[in-house]
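Data first, discussion second: the structure below is written as structure tokens.
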Amino acid sequence: MSSASSSVRRIAATVLAAGAIVSAAALPAAAHDGDRHHQQRPRVEISRVQADSPGREDRSNRSLNGEWVEITNATRNPINLRGWTLRDSDGNRYRFDNVRIGSRATIRIHSGNGRDTRTDLFQDRRDYVWDNRSDTATLRDDRGRTVDTETWGRRR
């Protein structure tokens, strides 16, 4: 009986050791897969907001374009923002057309009228969008997922 008991113990120890080796090998691979997945996500962020247009707020195009939101692509690859949206707390929405933001580049979205360039986009509005005292800018991707938000002041 003692040799059979000894054999069972050796088999059990071998199975446990094999399980520990497989687990040790699998954990780093799983953690690495998670990191790799995280790195593939686009990192686009609201980097700056100028909600209070400098000078007199007289609804002139110059004054309207003095308020803006900057969006930065922090990745090494250009990203197409087609279908993405930028919203304020009141529901004003700007929808990006076929706009590519370059690697590590920043674009500025102005409230007023103007001619779009690689670095400046215009919402073509005739009124201010961003509340000077408190508001939230929300950037969403083409699937409606929130990518970033920037809040200033205190909401009532």
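Cut-off 15 Å, label point 7 angstrom out along Cα-to-Cβ of Arg43: give me the residues of the stretch 112-156 whose amide nitrogen falls inside.
Only 148 fall inside the zone, counting backbone N under 15 Å.
Kindly rank 82-91, 138-147 from highest to lowest mean number of other beta carbons found within 10 Å of each residue.
Per-residue Cβ counts within 10 Å, averaged per peptide and sorted highest first, yield 82-91, 138-147.
What order, most packed first, do the peptides 96-109, 58-71 have when packing is the mean number of other Cβ atoms within 10 Å of each residue?
Descending mean neighbour count gives 58-71, 96-109.
FYI, it's all coordinate maths here, none of it is from the lab. Because the structure is predicted, anything quoted here is derived from the model rather than measured. Heads up, the Cβs are rebuilt from the backbone with ideal geometry, glycines too, and the neighbour counts pull from every protein chain shown.
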